[in-house]
Amino acid sequence: MRALGRSAPAPELLCAPGNAGIAADAECLPGVAADDVGAIVAVARERAVDLVVVGPEAALVAGVTDALEDAGIAAFGPSAAAAELEGSKAFAKELMAEAGVPTAEHVLLRSREEALAELGRATYPLVLKADGLAAGKGVIICASEAEALEAIDVFFTERRFGETTVVLEEFLEGEELSLLALCDGENVVALAPAQDYKRIFDGDEGPNTGGMGSYSPVPGFGAAEVEEILEAVHRPVVAAMARRGRPFHGVLYAGLMIGADGPKVLEFNTRFGDPETQAVLPRLRSDLVELCLAAREPGGLAGIAAEFGEDWAVTLVLASAGYPASSSKGAAIRGLEAAAELAEVTHAGTAARDGEVVTAGGRVLNVTALGATPAAARDRAYDAAGRIEFEGMQMRSDIAARAVDRVAS
């Protein structure tokens, strides 16, 4: 939202539904759910909106972009058909095989009986993933058959993610990297690379989350390395989608594992994914609205590059008690103004109540700081986060430590 607000001329911003933090930057529409297609179209028409940037994955899969464009309202984001790249991991695997994009070996499990048979001959560790949308929590890494059996119950007996299909993948080792790129159905424009921290605890321990922090840029991934990834991953996918009659317009986020044999795709998102976006966009020097408008047009990004500053960004996620298994709501949040003196604080799971800002979800806040070095940005981010308090707050203490060590060595 803030990156859009920095565009010139400064646009009037609306957000549906918004939260306690976004209210400082935009007019919130709390009665309009992000995936309520009819309501989004109605309010965009009523307010004569010039551009709708569709954020959440559920809204994209529900076809909000299609409905807006059909109504003559400019929208940034893939069609529902193109958003299946995120909406179905099985579809993404099929498309990658067609396009020759490197990814983990996998098998699809469509019943508990199939799963039990496959687990008996599997190699551990392995990864089980919900095929559909799961808010970043539908991935379970299993170190043993016993853990895999427990996970199978989560998917097929408890149906925690409403699944009828589960993807069993080989476990990939290496270092994770996230590369977001803007696409116009033909061309691909890379944004700055970022590194995400998925596990809840320090040292990459504990269950997966939607992300506990990130930083950008990433040591060792300059322009040449980014170009290699675009050539191996993003461009083949965009070309394959076009051949299928599903031209991809919007953000193609590739979550990658960089191993000894090169990059392999862990997942695709079809949107600005957090917390990487919070580390990438504050460094963007190009006009984001102009980039979004160009991506809507077939070939509109030809000859365009996204420009970034030389500074580093470190983002910390502050999560509520119980996350990711559950979340604690209603805890008063203190220190937001003090933290904002040092860093950019963005709200995720927050709400306003009786004049206070309170927790209202699993991942509550993002704290992002800039600095001339990764160490400076990291110190500033942790100083700012240290000013915030709420009951049960969880925060990793090792975000961007790897970058600090590598730049110092």
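The values are calculated or read from the model by the stated rules, or taken from the named source; none is laboratory data. The shown structure was predicted, so the numbers you read here are calculated from the model rather than taken from an experiment. When we count neighbours, we look across all protein chains shown, and the Cβ atoms used for this are built from the backbone with ideal geometry, even at glycine. The protein model used for the area step is the full one, side chains on, heavy atoms only, and it has no ligands, DNA or RNA in it. Shrake-Rupley method; radii C 1.70, N 1.55, O 1.52, S 1.80 Å.
Name the residues in the range 383-396 that are farther than 17 Å from D274 by Cβ and in contact with a strand residue (DSSP E or B) (Cβ under 7 Å, 6 or more places away or on another chain), would you?
A384, I388, E389, F390, E391, G392, M393
Against the condition in contact with an Asp or Glu (Cβ under 6 Å, 6 or more places away or on another chain) and not polar (S, T, N, Q), how does E57 come out, does it pass?
Answer is yes for this residue.
Taking interchain pairs and intrachain pairs at least six residues apart, which have beta carbon atoms under 8 angstrom, with the first residue in the range 188-207 and farther than 18 Å from F221 by Cβ and the second of a type in the set (D, E, K, R) and open to solvent by less than 10 Å² (accessible area, probe 1.4 Å)?
I200/R396; F201/R396; D202/R396
Can you name every residue in the range 383-394 that is open to solvent by less than 60 Å² (accessible area, probe 1.4 Å) and in a helix (DSSP H, G or I)?
Result: A384, A385.
Regarding S88, is this residue of a type in the set (S, T, Y) and surrounded by fewer than 17 Cβ atoms within 10 Å (Cβ to Cβ)?
no
Is there a residue in the range 162-176 that is free of Cβ contacts under 8 Å to residues at least 40 places away in the same chain and not hydroxyl-bearing (S, T, Y)?
yes
Just to be sure I understand, how many residues within the range 361-382 are assigned to a strand (DSSP E or B) and open to solvent by less than 40 Å² (accessible area, probe 1.4 Å)?
7
Evaluate the range 349-357: report whether one residue or more is closer than 27 Å to L284 by Cβ and of a type in the set (D, E, K, R).
There is no residue in the range 349-357 that is closer than 27 Å to L284 by Cβ and of a type in the set (D, E, K, R).
Kindly evaluate A44 against the criterion of being open to solvent by less than 10 Å² (accessible area, probe 1.4 Å), closer than 23 Å to R2 by Cβ, at pLDDT 95 or above and more than 20 Å from the chain's Cα centre (by Cα).
Yes: the conditions hold for A44.
Yes/no matrix, rows are residues, columns are (1) surrounded by fewer than 24 Cβ atoms within 10 Å (Cβ to Cβ); (2) on the phi > 0 side of the Ramachandran plot:
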position	(1), (2)
G259	yes, no
P282	yes, no
L288	yes, no
E297	yes, no
T315	no, no
G330	yes, yes
E337	yes, no
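Which of (1) farther than 21 Å from S326 by Cβ; (2) within 23 Å of the chain's Cα centre (by Cα); (3) polar (S, T, N, Q) is the odd one out, the single condition T359 does not satisfy?
Among (1) farther than 21 Å from S326 by Cβ; (2) within 23 Å of the chain's Cα centre (by Cα); (3) polar (S, T, N, Q), the lone unmet condition for T359 is (1).
Exactly one condition in (1) in a loop (DSSP other than H, G, I, E, B); (2) closer than 25 Å to T277 by Cα; (3) without any contact (Cβ under 8 Å) to a residue 60 or more places away in the chain; (4) among the hydrophobic types (A, V, I, L, M, F, W, C) is false for A44; which is it?
(1)
What residue, among those in the range 91-114 that are at pLDDT below 95 and assigned to a helix (DSSP H, G or I), is surrounded by the most Cβ atoms within 10 Å (Cβ to Cβ)?
E114
Kindly list, by first and then second residue, each pair from a residue in the range 311-337 that is part of a loop (DSSP other than H, G, I, E, B) and at pLDDT below 95 to a residue that is among the aromatic types (F, W, Y) and surrounded by fewer than 21 Cβ atoms within 10 Å (Cβ to Cβ), limited to pairs with Cβ atoms under 8 Å and residues at least 6 apart or on different chains.
Qualifying pairs under 8 Å: none.
Would you check if E57 is crowded, with 21+ Cβ neighbours inside 10 Å, at pLDDT below 95 and closer than 28 Å to Y197 by Cβ?
For E57, the condition - crowded, with 21+ Cβ neighbours inside 10 Å, at pLDDT below 95 and closer than 28 Å to Y197 by Cβ - is met.
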